[in-house]
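To keep things clear, I will list the structure first and then write my remarks on it.
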Amino acid sequence: MKGRRAARRLALDVLYEAEIRGRPPVEAFLEREHHGWVIPAAEDTLDPPEALLEGDSTSDRLGDRAGKETSDRLGDRDGQEQEVVGYARGLVAGVQEHQAHIDELIVKYAERWGLQRMPVVDRTVLRMATWELLWGEDIPVAVAINEAVELVKALSTDDSGRFVNGVLGRIAEGKSARA
């Protein structure tokens, strides 16, 4: 689901910023919202119609029916953005609320890797995915792990994908053993 992918990217941006700046993640998110900086990561489904980018009125060119269709698409876009921002907000708040427990699990399953030794992106993505694995209500394990791996492959080191996959796989196994 592209909306969730955009939400994860937005949550990663906020959590990364919060860690670098040494502030609570929810506070960083709220500041971004206040200043209008909460913009979902670019996704094809969230791009505005070309006519709007050109400043051209679709209804002027094609009549009221086309204008209504454009308006409906923009309404859909607003709904998608709200969904993305809402999921990102919940993810950021969940990571902040459970960070101590999440960090314990990451250290336990990272085998000889302390949190401070990990790249910030890897650590942040591990926190997000761990929250999704343990508290995400409708996220399949494979999806949470795959999305995390894709994020670190795109944004971190060459070895990060394998590392994050291994840690999250062990956390997921530990979760199913406790269930």
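Values in this text are rule-based calculations from the coordinates and carry no lab data. Everything numeric in this text was worked out from a predicted model, so none of it was measured. With ideal geometry, Cβ positions are generated from the backbone for all residues, glycine too; neighbour counts draw on all protein chains shown.
How big is the gap, in Å, between the Cα center of segment 154-179 and the Cα center of segment 88-146?
The distance from the Cα centre of segment 154-179 to that of segment 88-146 comes to 9 Å.
In a solvent-free Debye calculation with one equal scatterer on each Cα, what is log10 I(q)/I(0) for segment 1-41 at q = 0.16, 0.21, 0.29 Å⁻¹, listed in the order of the q values?
After summing over all Cα pairs, the log10 values are -0.37, -0.61, -0.97.
Hey, fewest Cβ within 10 Å first, where do Thr124, Thr157 land in order?
With the fewest neighbours first, Thr124, Thr157 line up as Thr157, Thr124.
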